[in-house]
Amino acid sequence: MFQTLEIVWNSIKMAFQEFRSNKLRTLLSLTGVAIGIFCIISVLSTVGSLESAIKTEIKSLGSNAVYIDKWDFTGGADYPWWKLMKRPEPTFAEANIIRENVPSAKVVCFLTNTSGNVEYNNISVNNITYYSSSPELNEVKKFEIVAGRNFQESDYDKGSSGIVIGYEAAANLFGNPENAIGKTVRLKNNKRGTIIGVIERQGKSLMETWNLDNCILMTRNFSRQIQQEKYSNPQIIVLGKDEIPKAQLMDELKGVMRAVRKLKPTEEDNFSLNDIDEFQNLTSNIFSSINLGGWIIAALSLLVGMFGVANIMFVTVKERTSQIGLKKAIGAKGSTIMMEFLIESAFLCILGGLIGLSLVFILTQIISQALPFSIFISPKVLLIAIVTCVTVGVIAGIIPASQAAKMNPVVAIRSK
């Protein structure tokens with residue numbers, strides 16, 4: 001044990017001596033390793049951070065959720081777009097039928113959205129998303145109210161003109177969002193609504209699946225008075241019961257929707273059942289392909305770096321030939337000599353990896369300020385980088401180390 005630690009320590013000291021005595025040569029040789037590790041860490045970290053952000057956005061669509069829509073979330077590549085256009089849109093009546101006839105459904109929410117402005121006195125805020133829904137919205141998309149209150153059952157029954165506003169929209173209109181409570185604002189088509197609540201700030205959104213920071217929530221009955229556009233993106237969102245398999249929920253929804261729309265057995269579906277879990281799996285597959293591309297690019301750089309490190313080790317073996325001969329003459333085994341050079345080669349690659357890691361860390365701090373999500377270097381990525389460095393170092397040093405281990409001590413001592 002102590003002998004092994006001594007070998008490791010001596011190898012690290014020799015690597016540092018090599019670095020100090022030949023700084024330029026070593027740095028140039030380690031450039032390939034540094035670039036390779038830079039590619040690996042930067043690609044894996046960026047893609048991993050992006051994937052995490054996107055999956056968080058997808059989860060915000062609702063855990064265990066199925067979206068009934070005329071559109072296919074995955075793109076519907078095998079289905080002509082003009083057929084999708086001709087599909088009828090989901091209706092509030094269909095949502096009620098699903099609520100009554102799908103026992104696997106825990107929550108059924110009818111949701112529409114469109115865009116418009118909101119005005120107060122002479123201040124106008126653009127690009128506001130108008131959401132109107134049935135009372136189950138907060139069960140699909142969890143959010144907190146920081147001022148005022150959320151809708152109550154009586155608001156939906158009476159078609160109240162009360163509205164709930166997003167945090168950023170309230171801040172832009174009133175400065176302090178808490179000042180929004182009780183204020184009457186002008187909505188689309190000169191309709192007026194009274195603010196009863198302000199939604200907690202949601203922060204940056206990558207995919208903008210929900211625009212709750214800049215939105216107006218209203219009851220369905222009130223939204224009908226505003227006469228929103230024809231295409232207001234109606235959807236039926238269904239959350240399945242926890243103990244029910246997703247496949248069972250999908251089968252029940254498909255059966256009910258086909259029955260409601262009076263589709264014959266030979267007719268194809270004129271609706272899409274968008275499974276959020278399936279959409280998330282598709283996202284994982286896409287990012288796996290991107291990661292593979294990053295590994296291929298990094299492998300090319302690491303190959304160049306490996307040859308650079310191998311070149312250093314060949315030169316090092318030649319320069320230390322007499323030392324190797326002396327070690328073998330006093331009893332050092334060939335395996336010990338080989339281990340020393342392999343450890344030194346691996347340590348040089350780790351130095352190159354540290355250079356690449358430093359560059360990535362600096363880059364992530366800069367890029368994260370410009371992106372709607374933070375780039376982080378996970379422990380898993382760091383472990384992959386270390387293992388890669390050691391592997392490249394061992395491969396690069398195997399041939400020079402083998403030559404050193406096989407040297408004849410007498411010939412080696414006499415060499416200059």
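The values are calculated or read from the model by the stated rules, or taken from the named source; none is laboratory data. Quantities reported herein were computed from a predicted structural model and do not represent experimental measurements. Glycine also receives a Cβ, built like all others from the backbone with ideal geometry; neighbour counts cover every protein chain displayed.
Here is a list: Thr321, Thr364, Thr336, Thr391. Which entry is closer than 20 Å to Ala34 by Cβ, assigned by TED's automatic domain parsing to the domain that holds Ile40 and at pLDDT below 85? Before the answer, list the steps.
Numbers: Thr321 fails: closer than 20 Å to Ala34 by Cβ; Thr336 fails: closer than 20 Å to Ala34 by Cβ; Thr391 fails: at pLDDT below 85.
Residue meeting the stated conditions: Thr364.
Scanning region 231-277 for residues that are without any contact (Cβ under 8 Å) to a residue 60 or more places away in the chain and in a helix (DSSP H, G or I) yields a total of 6.
In region 26-45, is there at least one residue being in a loop (DSSP other than H, G, I, E, B), assigned by TED's automatic domain parsing to the domain that holds Glu340 and either under 26 Å from Gly293 (Cα atoms) or modelled with pLDDT of 65 or more (or both)?
Kept after step one, since they are in a loop (DSSP other than H, G, I, E, B), are these residues of region 26-45: none.
No: zero hits.
Kindly provide the set of residues from region 164-180 that are in contact (Cβ under 8 Å) with a residue 12 or more places away in the chain and crowded, with 18+ Cβ neighbours inside 10 Å, ordered by number.
Going through region 164-180, the residues in contact (Cβ under 8 Å) with a residue 12 or more places away in the chain turn out to be 164-170, 172-174, 177-178, 180.
Within region 164-180, Val164, Ile165, Gly166, Tyr167, Glu168, Ala169, Ala170, Asn172, Leu173, Phe174, Pro177, Ala180 meet the criteria.
When we screen Ala298, Ala329 for residues that are in contact (Cβ under 8 Å) with a residue 40 or more places away in the chain and in contact with a Gly (Cβ under 8 Å, 6 or more places away or on another chain), the only hit is Ala298.
Just one of the listed residues (Asn211, Asn270) is surrounded by fewer than 17 Cβ atoms within 10 Å (Cβ to Cβ), over 30 Å from Gly353 (Cβ atoms) and either more than 23 Å from the chain's Cα centre (by Cα) or assigned by TED's automatic domain parsing to the domain that holds Ser124 (or both), and it is Asn270. Is at least one residue of region 304-321 of a type in the set (Phe, Trp, Tyr), crowded, with 21+ Cβ neighbours inside 10 Å and either outside any loop (DSSP other than H, G, I, E, B) or touching a Gly at 6+ places or on another chain (Cβ under 8 Å) (or both)? No, because not a single residue in region 304-321 is of a type in the set (Phe, Trp, Tyr), crowded, with 21+ Cβ neighbours inside 10 Å and either outside any loop (DSSP other than H, G, I, E, B) or touching a Gly at 6+ places or on another chain (Cβ under 8 Å) (or both).
Residues of region 167-179 include none that is polar (S, T, N, Q), assigned to a loop (DSSP other than H, G, I, E, B) and modelled with pLDDT under 90.
Which of the residues belonging to region 65-81 are at pLDDT 75 or above and over 23 Å from Ser288 (Cα atoms)? It would help to see each step written out before you state the result.
Here is the first cut: in region 65-81, the ones at pLDDT 75 or above are 65-72.
Residues satisfying the conditions are Ala65, Val66, Tyr67, Ile68, Asp69, Lys70, Trp71.
Scanning for something among the small types (Gly, Ala, Ser) and either closer than 29 Å to Lys241 by Cβ or outside the structural domain of Asn121 (by TED's automatic domain parsing) (or both), does region 168-190 turn up at least one residue? No, because not a single residue in region 168-190 is among the small types (Gly, Ala, Ser) and either closer than 29 Å to Lys241 by Cβ or outside the structural domain of Asn121 (by TED's automatic domain parsing) (or both). The residues listed here are Val392, Val360, Val387; of these, the one that is surrounded by fewer than 21 Cβ atoms within 10 Å (Cβ to Cβ) and under 13 Å from Ile40 (Cβ atoms) is Val387.
Select from region 121-130 the residues that are surrounded by fewer than 21 Cβ atoms within 10 Å (Cβ to Cβ), at pLDDT 90 or above and either in contact with a Ser or Thr (Cβ under 8 Å, 6 or more places away or on another chain) or within 30 Å of Gly255 (Cα to Cα) (or both) and list them in ascending order. Residue satisfying the conditions is Thr129 alone. Among the residues of region 106-114, some residue qualifies, meaning at least one is in the same structural domain as Glu252 (by TED's automatic domain parsing), part of a strand (DSSP E or B), out of contact with any helix residue (DSSP H, G or I) (no Cβ under 9 Å at 6 or more places or on another chain) and buried (at least 18 other Cβ atoms within 10 Å of the Cβ).
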